[in-house]
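> One structure coming up, written as structure tokens, with questions to follow.
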Amino acid sequence: MPSILEQEVLRSLEEGNFLEDTLHIFVDFLSHKEYKNYLEPNVPLSLLERGSELEVRAQKNNEIQLSPSQQFQKPPPTAALVVANGTNKVFIDYCSNARHGAAGRRYETARVRGAASRALCAAAAHAGARAALAAARDCLYNLLLTLIPLDDEDTDVESVSASSHALQLLAELLCEQSAGDVLWEELQKNNLKLFHLLLQALKNDHNGLQEAAINCITQLARSISHEKCHDTSKNQSRLDFLNNFPSPHLQEENERLCAGDSATNDCQPEYLVEEFTRILMIMYQDLTDKHKCLSSQDERWRRVCGALWALQRASARARAYCVHRRFPRALAAALQRLRDALSLKGKPVEVIRNADHEPTLNTLNGVLTLITSSMFECPPAKNLFAEDIAPSLARLWPWCMMTECLRDTIMCLLVTFTNGCAKAWSSVCSCVSGRSVVQEVCALATREAARAAGGRRARAACLLRRALRVLRQLAAHHHCRTIIIKSDVLSCMNKGRADAELARLGEALARHGDGAAALLAALASAPRAPRPAPLAALAHAAHHHRLTFLQSPDLLEILSAGLLTGDTAEIVSAARAVWALAANNHRAKLVLRSAGIPAALQSSLHRLQRNVTDEATQRAIQLVTYTQTVLQTT
């Protein structure tokens, strides 16, 4: 009997178009913006009549927290509310069933999809509600089923708007790792059409659909980077899937399939990620040519820059394609244009009072960020930038020091640029107007080391570590190393908070004779006894300056202390230094024996043998044993 009544009720609802009428009311409700501006109920009229008096009192003190003349804002929806009312399930389930409905009802279903998508996007703007929506796996799957390319009958405004809001909803949800896991799993298992819709949306003239696709591509690429950061197994399945996804143009006839470098752009790339990159590069160039040095004022330019950054950061194929299409040349030209524009403004301190909101500096920050992503693990891009980027960086340096954001951006660029690129080393030491990039980095490191030691700025230590890393990567180049040695960087030893990075810089310099001499001189002139932090550097310096070690009781004491109290890595470094001093030199063996080094070696050997936990400890035992043998031979 209950089942019969339930069927009768459902039949009545269907005949009366109850669901459609309810959704029409829902659409009309969302179409009006006035519903946000209303008075909170249950407020006594006596309070409202005294509103002006209460507001004056509230501004004078904190006793009363009521201001009736101010606009009331409802609190954001909680995750429990979003899950409890079932709006997400009702919308997504309905859309998945109605997406392929009858042709006569497509206009109505498109309005419903668009309105409900806007509602869920508003809810997804809050972290708690977004997490609840992303955790609904079945709803996400149904949402993905609705994201298919538009056909010829879906060209009306409502259909395009519905697809754009659905893509924007997906982009919002991809901020959560759980949503990214579901998306990539379904993309790899099932033949979903999301990539085809994104490619179609990028080529569409509808601005809303284009922007939604750009945001979605940005979050897709970032979800790959997030997986690489958190996954200890170094799983590359998502990246491989994106890199090897073929372009839909492979299925079209009369297409010239090549890299797309012709003058008329009539050829198409072979992979989808190259298609995305090509379209975004064209958008970037058009927007840059339109606004020049004030491009940061255009929201579309910022979105395109973000998408290009995310794609290049995630995909090596995208970076290689950018190099092939000579995108580094366009970025270098944009940097030169910004350099010339800022040079006309005069001196930075005299011209710009509010640097954080200056459009030209914001545009500069965007261009520097794109250059950094273009060079990430891409030697061809570094070689291209090395030809003419250093003069621009040297002239723009004072401007880049004006804001924290620009300082961080240019240091990230230099860390990437100087990582294993010999042409970059040669370019940054070239002198422009009496200064070079290496000199500027040395001055920055010295200044930030003083700030970090004084505790005046929390970000000084982070900036100092990046500057020291740049110098460490430049230490292999002779001219760069000479500039570093002549600066005051080594005098920062034992002064800053980045002791580990200073030790790495000292190790890199000590691999060379001139750098080892400078390091030993800095340690000798230290106002207090140096700690055994630079043992790895001393191990290299011992190969170049044996006599200096043998004549310095302090250095021999550092080696002895490292053997007696150091960890496995420090014992290895001290043993290497002892071996370098004692090898083939009878006088050095006598000096080391008189300094008590054999007893220190024996003590370190006992400690290592008591705690044999891994292969590194076993190798350390072998090195100490061999060093003892070398020291004992006559």
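> Suppose we filter SER373, SER392 for residues that are in a helix (DSSP H, G or I), of a type in the set (Ser, Thr, Tyr) and closer than 27 Å to THR482 by Cβ; which single one remains?
Within the list SER373, SER392, the selection yields SER392.
> Counting only residues that are under 15 Å from HIS543 (Cβ atoms) and outside any helix (DSSP H, G or I), which one in the range 564-587 is most open to solvent (accessible area, probe 1.4 Å)?
ASN584
> Given the criteria under 21 Å from ASP514 (Cα atoms) and assigned to a helix (DSSP H, G or I), does ALA561 qualify?
no
> Yes or no: the range 322-341 includes at least one residue that is under 27 Å from CYS175 (Cα atoms), open to solvent by less than 50 Å² (accessible area, probe 1.4 Å) and out of contact with any Gly (no Cβ under 7 Å at 6 or more places or on another chain).
There is at least one residue in the range 322-341 that is under 27 Å from CYS175 (Cα atoms), open to solvent by less than 50 Å² (accessible area, probe 1.4 Å) and out of contact with any Gly (no Cβ under 7 Å at 6 or more places or on another chain).
> Same structure again: Look at ILE558 and say whether it is without any contact (Cβ under 8 Å) to a residue 40 or more places away in the chain and open to solvent by less than 80 Å² (accessible area, probe 1.4 Å).
Against the criterion (without any contact (Cβ under 8 Å) to a residue 40 or more places away in the chain and open to solvent by less than 80 Å² (accessible area, probe 1.4 Å)), ILE558 qualifies.
> Considering only the range 588-606, how many residues are touching a residue at least 12 places away in the same chain (Cβ under 8 Å) and either in a helix (DSSP H, G or I) or of a type in the set (Phe, Trp, Tyr) (or both)?
13
> For the range 115-162, give me each residue that is among the small types (Gly, Ala, Ser) and open to solvent by 50 Å² or more (accessible area, probe 1.4 Å).
The answer is ALA122, ALA125, ALA127, ALA135.
> Follow-up. When the residues of the range 374-391 are narrowed to those that are open to solvent by 50 Å² or more (accessible area, probe 1.4 Å) and within 22 Å of the chain's Cα centre (by Cα), which ends up nearest to ALA334 (Cα to Cα)?
Only one residue fits best here, namely PRO380.
> Here's something else I'd like to know. In the range 395-437, which residues are in a helix (DSSP H, G or I), under 19 Å from ASN383 (Cβ atoms) and open to solvent by less than 30 Å² (accessible area, probe 1.4 Å)?
LEU413, LEU414, VAL415, THR416, PHE417, ALA424, SER427, VAL428, VAL437
> For the range 186-201: of the residues being within 13 Å of ALA212 (Cα to Cα) and of a type in the set (A, V, I, L, M), which is surrounded by the most Cβ atoms within 10 Å (Cβ to Cβ)?
This residue is ALA201.
> Then there's this: Look at the range 536-555 and say how many of its residues are open to solvent by 50 Å² or more (accessible area, probe 1.4 Å), farther than 14 Å from ALA510 by Cβ and touching a residue at least 40 places away in the same chain (Cβ under 8 Å).
Residues in the range 536-555 being open to solvent by 50 Å² or more (accessible area, probe 1.4 Å), farther than 14 Å from ALA510 by Cβ and touching a residue at least 40 places away in the same chain (Cβ under 8 Å): 1 in total.
> A follow-up question, please. Quick one: what pairs do we get from the range 163-189, first residue in contact (Cβ under 8 Å) with a residue 60 or more places away in the chain, second open to solvent by 10 Å² or more (accessible area, probe 1.4 Å) and in a helix (DSSP H, G or I), C-beta under 7 Å, 6+ apart or different chains?
ALA166/ARG113
> When the range 327-340 is examined, which residues are found to be touching a residue at least 12 places away in the same chain (Cβ under 8 Å) and not aliphatic (A, V, I, L, M)?
PHE327, PRO328, ARG329, GLN336, ARG337, ARG339
> In the set ALA355, ALA453, ALA449, which member is at pLDDT below 95 and open to solvent by 30 Å² or more (accessible area, probe 1.4 Å)?
ALA453
> Also, I was wondering about something else. Kindly indicate which of ALA314, ALA307 is under 20 Å from the mean Cα position of the chain (by Cα) and at pLDDT 95 or above.
Unique residue meeting the criteria: ALA307.
Results for (1) modelled with pLDDT of 90 or more; (2) touching a Leu at 6+ places or on another chain (Cβ under 8 Å), shown as yes or no for each residue.
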| residue | (1), (2) |
| --- | --- |
| ALA526 | no, no |
| ARG531 | no, no |
| ALA537 | yes, yes |
| ALA542 | yes, yes |
| HIS545 | yes, yes |
| LEU563 | yes, yes |
| GLY566 | no, yes |
| ALA575 | yes, yes |
| ALA588 | yes, yes |
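> Being farther than 20 Å from ALA318 by Cα, out of contact with any helix residue (DSSP H, G or I) (no Cβ under 6 Å at 6 or more places or on another chain), at pLDDT below 90 and outside any helix (DSSP H, G or I) narrows it down to one of ASP205, ASP261, so name that one.
ASP205
The values are calculated or read from the model by the stated rules, or taken from the named source; none is laboratory data. These numbers come from a predicted model, not from an experiment. For neighbour counting, all protein chains shown are included, and Cβ atoms are generated from backbone atoms with ideal geometry for every residue, glycine included. The accessibility values were calculated without ligands, DNA or RNA, using every heavy atom of the protein model including side chains. Shrake-Rupley method; radii C 1.70, N 1.55, O 1.52, S 1.80 Å.
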